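Working notes, structure below.
Each value in this text was obtained by applying a stated rule to the coordinates, not by laboratory testing. A quick note: this is a predicted structure, and the numbers were derived from the prediction, not measured. So basically every Cβ, Gly included, is an ideal-geometry build from the backbone, and we count neighbours across all protein chains shown.
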Amino acid sequence: MFNPRYLLAALFVAVAFAGGAWFFVAGLNGAPASPRSATVFPAARPLPEFRLVDHRNQPFGRQSLEGHTSLLFFGFTHCPDICPATLQQLALARRQLDGKEPALPEIVLISVDPERDTPAVLERYVEYFGQGVTGVTGKLEDLRNLTTALGIHFEQAPSGEGSADDYLVNHSAAVLVIDPQARLTAIFGAPHSVEAFVNDLPLLMSR
């Protein structure tokens, strides 16, 4: 008697064989793996010159991003959810890539709240996320010149608490991938995940 389970099993074998054959042929043809989550720009975009300071109160500009891959995220230390969650995901992904990649990406938090985020405040904040994390701040005018060039939007928003110093900052939640030549090469749109970073970053860094 015909058993439909045999047909189902045969179909699984056929699909598995076809998938394996596709990867084999793709490998022979040198077809590169593609990032699953990141959007890769057709041509790398050089960053403009800018002048900010890091959490050690040292100058931080375009040259600070040369020689290594950087992951830029624009946020602020008073952020209640998105900023700490994203930085934690980036930090976890960086740790998972340790030992698998010859050079780990640097994580850079650029504050969109320079009024409250002084270098000292940023220094205490980035310590929570481990090694390889730099906090950056500076004058509002210098910050806006950089964010405008990169298409990053931010603006203050009242928190509803009534205090002039108690406000939030609405901002873009994208993570920007900067190559060792200080060029924007790809972007991760929110929502983020550790798995997406771990899968895509080695591919992006090998380009």
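Distant-in-sequence amide contacts of Thr134, defined by a placed amide H-H separation under 5 Å and a gap of 5 or more residues or a different chain, comprise Ile107, Val108, Leu109.
Going by average Cβ neighbours within 10 Å, how do the peptides 56-62, 135-141 rank, with the highest at the top? Before the final figure, lay out each step's value.
Numbers: 56-62: 14.9, 135-141: 19.4.
Ranked by mean Cβ neighbours within 10 Å, highest first: 135-141, 56-62.
3J(HN,Hα) couplings calculated from phi for the stretch 67-82 with the Karplus curve 6.51 cos²θ - 1.76 cosθ + 1.60 (θ = phi - 60°) are, in sequence order, x, 7, 7, 10, 10, 8, 9, 9, x, 7, 6, 8, 4, x, 8, 4 Hz; Gly and Pro show x. About its Cα centre, the dipole of the stretch 79-196 is roughly 400 debye, where the only charges are +1 on Lys and Arg Cβ and -1 on Asp and Glu Cβ. In the stretch 39-205, Cα pairs under 8 Å separated by at least six residues give a relative contact order of 34 percent.
Can you give the percent of C-alpha pairs in the stretch 121-185 whose distance is more than 16 Å? When all Cα pairs of the stretch 121-185 are counted, 66 percent exceed 16 Å. Convex hull volume of the C-alpha atoms in the stretch 39-205, normalised per residue: 108 Å³.
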